[in-house]
1. Which numbered condition in (1) acidic (Asp, Glu); (2) within 20 Å of the chain's Cα centre (by Cα); (3) over 30 Å from ARG230 (Cα atoms) is the only one that GLU75 fails?
2. Could you tell me how many of the residues in region 198-218 are open to solvent by 30 Å² or more (accessible area, probe 1.4 Å), among the hydrophobic types (A, V, I, L, M, F, W, C) and not in a strand (DSSP E or B)?
3. Does any residue of region 263-276 turn out to be under 17 Å from TYR183 (Cβ atoms) and not assigned by the TED database to the domain that holds LEU24?
4. Please work out which residue is nearest to the chain's Cα centre (by Cα), limiting yourself to region 87-102 and to residues that are surrounded by fewer than 23 Cβ atoms within 10 Å (Cβ to Cβ) and among the hydroxyl-bearing types (Ser, Thr, Tyr).
5. Of the conditions (1) touching a residue at least 60 places away in the same chain (Cβ under 8 Å); (2) farther than 21 Å from ASP14 by Cα; (3) aliphatic (A, V, I, L, M), ALA150 fails just one. Which one is it?
6. Is there a residue in region 223-232 that is in contact with a strand residue (DSSP E or B) (Cβ under 6 Å, 6 or more places away or on another chain) and surrounded by fewer than 22 Cβ atoms within 10 Å (Cβ to Cβ)?
7. Pairs please, first residue from region 243-272 and open to solvent by 30 Å² or more (accessible area, probe 1.4 Å), second anywhere and in a helix (DSSP H, G or I), Cβ atoms under 9 Å, 6+ apart in sequence or on different chains.
Amino acid sequence: MLSLPGAVPGEGPDEGVAAHYGDLFREQRALADGSGFVDLSHRGVVTVAGPDRLSWLHLLLTQHVSELPAGQATEALILSPHGHIEHALYIVDDGETTWAHVEPGTQGDLLAYLESMKFFYRVETADRTEEFAVVHLPAGSIAEAPEGAAVRETPYGRDLFLPRADLESFAAASGPPAGVLAYEALRVEAHRPRLGLETDHRTIPHELGLIGSAVHLHKGCYRGQETVARVENLGKPPRRLVFLHLDGSEVTLPGHGAPVRLASEGAAGRTLGFVTTSARHHELGPIALALVKRNVPVDAALIVDTTAAAQEVVVEP
């Protein structure tokens, strides 16, 4: 939808969709009020069909999906053998097919893994990204989903899987567009982690607070379960996700990977973590998510580069 009036292209992982349409805060306020839509057509779309699809996915994913009701949204992870997060799937089943959207560019590796695990199960996996696009309607939106579309309804809104040929007509009928920067600011406000931003090669689910929402603790074995169980029952994760209120006098936002330190030690102090996502919020001002060492005191004043930051606990130490 980059052809819509005012569209400014996104960058990095959100290349291919609009960052904004000329007024970032207006777009945020519209989403917060339940109007408009967000083009997420850069995200990968994967489907699994066949009579064994849910029982088969149940063996591979961190979430309990063997009896997932049609139309009920859920999310799940695929972990490495050592319990590190490799894929995040945002799922709904329509009664015949399981639909999932994933981070842009990750669907190829995901499909390769799923194909390698099919064995004798009656399942068919497919990359549907070229055919279908994801569009987000915010919570409270009264816009109607097109008939026949798969819909993930969550407390944050609805994710629609639409034929790409229908995007233009949907945009014309569904109110003003909001860019992905507005969507991301509300995601940061809600403390919702995103694969590739809040994760690195060694992130485990406990560090991001994903137990329950994406990881079910009482289900059968899956790859990486040993790490999840060990941390849950015997220990604590080495890092934890925090929410930061940043000093609003700074002109620029810290980038992904910007070091987090104790304010008392200054810019030359020990690096205790890093910023994962930063955003400008229409009410809160500059905010960020960061991953810090577990033993950082919850009441400690922090700095990001040279910017003062006050922390809110997302994951308990």
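The values are calculated or read from the model by the stated rules, or taken from the named source; none is laboratory data. This is a predicted model, so every value here is computed, not measured. Cβ atoms come from the backbone with ideal geometry, glycine included; neighbour counts cover every protein chain shown. All accessible areas refer to the heavy atoms of the entire protein, side chains included, with ligands and DNA or RNA removed. Shrake-Rupley method; radii C 1.70, N 1.55, O 1.52, S 1.80 Å.
1. (3)
2. Summing the residues that are open to solvent by 30 Å² or more (accessible area, probe 1.4 Å), among the hydrophobic types (A, V, I, L, M, F, W, C) and not in a strand (DSSP E or B) in region 198-218 gives 1.
3. So in region 263-276, the residues under 17 Å from TYR183 (Cβ atoms) come out as 276.
Retained after the next criterion (residues that are not assigned by the TED database to the domain that holds LEU24): 276.
Yes, there is a match, as at least one residue in region 263-276 is under 17 Å from TYR183 (Cβ atoms) and not assigned by the TED database to the domain that holds LEU24.
4. Result: TYR90.
5. (1)
6. There is at least one residue in region 223-232 that is in contact with a strand residue (DSSP E or B) (Cβ under 6 Å, 6 or more places away or on another chain) and surrounded by fewer than 22 Cβ atoms within 10 Å (Cβ to Cβ).
7. Cβ pairs passing all conditions: HIS256/GLY12.
For (1) among the β-branched types (Val, Ile, Thr); (2) surrounded by fewer than 12 Cβ atoms within 10 Å (Cβ to Cβ); (3) under 21 Å from the mean Cα position of the chain (by Cα), each residue gets a yes or a no:
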| position | (1), (2), (3) |
| --- | --- |
| LYS236 | no, no, no |
| LEU241 | no, no, yes |
| ARG280 | no, no, yes |
| LEU289 | no, no, yes |
| LEU302 | no, no, no |
| GLU312 | no, yes, yes |
